[in-house]
Amino acid sequence: MSVRTRFAPSPTGFLHIGGVRTALFSWLLARHFGGQFILRIDDTDQERHVDNAVNRILDGFRWMEMDWDEGPEVGGPHGPYFQSERHELYTRAAAKLEASGHVYRDYSTQAERDADRAESDRAKRAYRFRRKEVSEETQRQYEAEGRPYALRFQVPLGRTVVVHDLIKGDVEQKTEEISDFVIVRPDGTPLYNFASVVDDADMEITHVVRAEEHLSNTYTQILVFEALGYTLPAFAHVPYVAEPGSRKKMSKRKGAEYKANDVFVYLSDYVDRGYLPQAMMNYLARLGWSLDDSQEIFSRAELIEKFTLDRVNSSPASHDPDKLFWVQGEWMKTLPLERKVEGALPFLEKEGLVTEPVSPETRTRIEAVINALGDRLKVFSDIVKLGRYFFTDTLTHDPDAVKKRLRKEGVPALLTALDGLLATVEPYDIPTLEKAVHEFAETNSHPMGQVVNPLRVATTGQGVGPGLYDCLVILGRDSCRARIAATLAMLEAGAG
């Protein structure tokens, strides 16, 4: 089966994860059948255009490793791939529809339309714009005075438009419920429902996979397809992504509210936190699609092989940040050390903890920290969150850890004795340190917890973290002793 799909985002801001999931389903469908995926920029509404938004879209697709066969930066036989550059095609199609009588010139004013709407409201009936006959004399008068007009599609009444949706099944709408709709504004710019049809036909799109909020547009678009004599593509409307634990749609307008609860609506937020594209693709593909009741982790190749629209759920799927975090963790485990270092470096550099060029000694320390963190390193930004103290001479104590582990009788004397131990232990490595600390605790009749916990807080500032002896070795003897001295000074001053 020859399959050509497309994704046509508007350059109005950042990529919403719901939009990315819709694009992913469209991309997977094309790749599954060995077809083509087209990226088209719907920029006809210049008032909503956001500078640099196109670059954000392309960067997001590149990060997701979702390549496109035709579109910006790639070109192709059906270009241009920006709707703002395809005006000639829309002009020809509009002329064809006007000549065939499917569209008419609407000279109505906003005030007239508002009056008609108010009358419908008073009569308690739904407002539907319908053509009002204009005499030839009035038409000539309007033309002579240069009165502006829109081109409206005259909806044929008495019909039921049926969409054979590949996800929802057959859905329908009576044409009496559809207003005569504008296809070209008075200023000559085309509207979405018209331009999209012209582009889909010109680009030979076979499957239109898009968000379910476009279903109402599909009924009108089918009428345009038919009027222009175009072959209908197959339609698949993907249910929306709901808020965590809810049926409410995730909204861009609530982005700040979500972020306050560590829930993110834009793809860029996940990129900025160091998520992996493999994990994001895996998670979004499983958000409303399943192969069976057990498999959760899918590689890019597996998704391409297994994905079909008939396995997409027809109900909304709730975004699950915890599930995404788990999937991310599973993918992080598969990375070789070298790849983890590459992923962590930008975050260390951004915080000023390391600088380019990275010295061999610094790279060795980063490798050691990553190995020590182990599975705690879920996203690349965790290198800063969990390991900052390895890359700075400034020790910052966690107040809760100080209160719990250091503000106790005998702790200063204990830390002083441990400082002496660190000063003399040879060699200064993990096995020797572990043996020495155990012997110290046993000799002084201290439970191990009462020894290692204060030592950890005194040297790292934190109550939890990687293995204590890993930390002591990575930090080095001199740094650990200096930190113990700083901790003792803090305790004596009563700070922290």
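Quick notes on this one:
- In the distance distribution for the chain, Cα-Cα pairs more than 45 Å apart total 36 percent.
- Mean-position separation - Cα centroids, the stretch 1-55 and the stretch 138-169, in angstrom: 27
- Segment Ser314-Ser268, extension gain: residue separation times 0.36 nm, minus the distance between their alpha carbons: 13.8 nm
- Spherically averaged projected area in nm², based on the convex hull that wraps the Cα atoms of the stretch 286-441: 14.8
- Against the rule of thumb 2.2 N^0.38 Å, how large the Cα Rg of the stretch 371-422 comes out: 1.47
- 3J(HN,Hα) couplings calculated from phi for the stretch 234-251 with the Karplus curve 6.51 cos²θ - 1.76 cosθ + 1.60 (θ = phi - 60°) are, in sequence order, 7, 10, 9, 9, 7, x, 6, 8, 8, 4, x, x, 9, 9, 6, 5, 5, 10 Hz; Gly and Pro show x.
- Per-residue extension of 0.36 nm, minus the Cα-Cα distance of Val358 and Ser120, leaves a gain of 78.6 nm for this segment.
- Probe 1.4 Å, accessible area per residue of the stretch 147-302, Å²: 42
- Among the GluC sites (Glu not before Pro) within the stretch 1-78, those in coil by DSSP and having at most 15 neighbouring Cβ atoms inside 10 Å are Glu65, Glu73.
- Counting heavy atoms of the protein chains alone, Val452 has an accessible area of about 30 Å² for a 1.4 Å probe.
- Charged-residue dipole, Cβ positions (Lys, Arg, Asp, Glu), the chain about Cα centre, Debye nearest 20: 1060
- Protein accessible area in the chain, 1.4 Å probe - carbon and sulfur %: 49
- Spherically averaged projected area of the stretch 36-101 from its Cα convex hull (nm²): 5.8
- Additional length obtainable on full extension of the chain from Ala413 to Glu492, 0.36 nm per residue less Cα span: 27.3 nm
- Expected 222 nm ellipticity per residue - DSSP helices of 4 or more, -39500 (n - 2.57), all of the chain, to 500: -14000 deg cm²/dmol
- Taking the centroid of alpha carbons for each part, the stretch 261-299 and the stretch 392-471 are 40 Å apart.
- The alpha-carbon atoms of the stretch 87-193, seen along their principal axes, cover 50, 42, 21 angstrom, with the largest extent given first.
- Secondary structure note: in the chain, about 55% of the DSSP beta bridges are antiparallel.
- Against the chain, whose longest principal axis is taken from its Cα atoms, helix 215-228 shows a tilt of about 40°.
- With Cα atoms, 0 to 90° folded angle of helix 411-424 axis to the chain main axis: 80
- On the beta carbon distance between Glu426 and Lys403, with R0 = 41 Å, the FRET formula returns roughly 0.75.
- Label-reachable residues, the stretch 104-126, where backbone N falls under 19 Å from a point 7 Å from Ser216's Cα toward its Cβ: 114, 117-118, 120-121, 124-126
- Low-density loop positions, GluC sites (Glu not before Pro), the stretch 116-166 - DSSP coil, at most 12 other Cβ in 10 Å: Glu133
- Acute angle (nearest 10 degrees) that the helix 17-32 long axis makes with the longest principal axis of the chain, alpha-carbon atoms: 80
The values are calculated or read from the model by the stated rules, or taken from the named source; none is laboratory data. Computed from a predicted model, the values in this text were never measured in an experiment. Methodologically, a virtual Cβ is constructed for each residue, glycine included, from the backbone with ideal geometry; neighbour enumeration extends over all protein chains shown. Heads up: the accessible areas ignore ligands, DNA and RNA and are worked out on the full protein's heavy atoms, side chains in. Shrake-Rupley method; radii C 1.70, N 1.55, O 1.52, S 1.80 Å.
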